[in-house]
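All remarks here apply to the structure that follows.
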Amino acid sequence: MSLKSPATLLPPLLAFGAHPDDIEFGAGGIIARETRAGRPVHFVVCSQGEAGTNGTPAQRVREAKAAAKILGATIEFLELDGDAHLELKAAHALVLADIIRRVRPDIVLAPTTEPNQHPDHRRLGQLVRDAVRLARYGGLAELKARPAHAIGGLFFYALDPGSETRSAPPVVIDISAPGIVTAWTKAMEAHASQMKTRNYVELQLARARVLGLDAGVGHAQALYPNDPLVFDSLAPLARGARRF
């Protein structure tokens, strides 16, 4: 079933994470902004975090469900190869492509494919990139149960400075509107088991604050487009991070 309904003005956003906290830490402010604008958002988490130092799989699933609820998103979990064992397989890309056909999003988010990060993150980014292509191919026998679907854009999020893409400038999303950072913070804090490892909440808020200051706003998060962006006019490009 698609998340889109006749009453929905904005098409769905589909976000993939390798572990139960990835989407919230990497793009939670953006998610909060989009759901509050009326966009349906669905999370797909590809493990239960069973290889983590802190938190049981059951606990981490509960935390992820609570965080998704705070952000106004729905959530599901996949069993692929397990935490820290994700492999690049055509079968996995087809599973993700089937979800894309079911949800029928306009925008898809995934972790960056940069090498200097958890291997599950970069491999999931590669699998999602493959999946958005497969989702639009009408002749794939494994996907015949659902009609083909072409997304509008694939964007990658970075979970830490080491996974940020350096080859091109990011798309900077202003998350300074009232209530957005508060909701994002609460969603990150829902992952209480992970705070025993490091203060990830403070890390992500600091990154968003620095990026926001550089862009002339309170807080911001970055996304990295997989493809060149196409606009109908120059109007959306009138606001840049640098004030000349």
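Okay, here's what the table says:
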| read-out | value |
| --- | --- |
| Mean ellipticity per residue at 222 nm, deg cm²/dmol - from DSSP H runs of n ≥ 4 across the chain, formula -39500 (n - 2.57) | -11500 deg cm²/dmol |
| Relative contact order for the chain, counting Cα pairs under 8 Å that sit 6 or more residues apart, in percent | 23 percent |
| Candidates L229, L213, L71: whichever shows maximal mean-square fluctuation once the chain is modelled as a Gaussian network with Cα springs under 10 Å | L229 |
| DSSP-defined beta bridges in the chain - what % are antiparallel, rounded to 5 | 25 percent |
| Options (i) 52, 48, 37; (ii) 130, 48, 33; (iii) 56, 47, 26 - which one matches Cα extents along the principal axes in Å as calculated here | (i) |
| Within region 119-193, chymotrypsin sites (Phe, Trp or Tyr not before Pro) in DSSP loop having at most 15 other beta-carbon neighbours inside 10 Å | Y137 |
| Where GluC sites (Glu not before Pro) fall in DSSP loop in region 16-116, at most 10 other Cβ within 10 Å | E79 |
| In sequence order, calculated HN-Hα J values of region 175-186 (Karplus, 6.51, -1.76, 1.60; Hz; x Gly/Pro) | 10, 7, 4, x, x, 5, 5, 4, 5, 4, 4, 4 |
| For region 159-171, 3J(HN,Hα) per residue [Karplus equation, 6.51 cos²θ - 1.76 cosθ + 1.60, θ = phi - 60°, Hz, x = Gly/Pro] | 7, 7, x, x, 9, 6, 7, 9, 6, 8, x, x, 8 |
| Average accessible surface area per residue within the chain, 1.4 Å rolling probe, Å² | 49 Å² |
| Relative packing of 192-198, 27-33, 172-178, which averages over residues the other C-beta atoms within 10 Å, highest first | 27-33, 172-178, 192-198 |
| Relative contact order [Cα under 8 Å, 6+ residues apart], region 113-170, whole percent | 36 percent |
| Region 1-139: relative contact order in percent, alpha carbon pairs under 8 Å with at least 6 residues between | 29 percent |
| For S47, residues with placed amide H under 5 Å, excluding near neighbours | L78 |
| Carbon plus sulfur fraction of accessible area for the chain, probe 1.4 Å, in percent | 55 percent |
| Gain upon complete extension [N199, D81; 0.36 nm per residue less C-alpha separation] | 39.7 nm |
| Karplus-derived 3J(HN,Hα), 6.51/-1.76/1.60, for each residue of region 130-145, Hz, glycine and proline x | 5, 5, 5, 6, 4, 4, 9, 8, x, x, 6, 4, 5, 10, 4, 5 |
| 9 Å beta-carbon shell around A177, net charge (K/R +1, D/E -1) | +1 |
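The values are calculated or read from the model by the stated rules, or taken from the named source; none is laboratory data. The shown structure was predicted, so the numbers you read here are calculated from the model rather than taken from an experiment. Note that each Cβ is placed from the backbone with ideal geometry, even for glycine, and that neighbours are counted across all protein chains shown. To get the accessible areas, we keep the full protein, side chains included, count just its heavy atoms, and leave off ligands, DNA and RNA. Shrake-Rupley method; radii C 1.70, N 1.55, O 1.52, S 1.80 Å.
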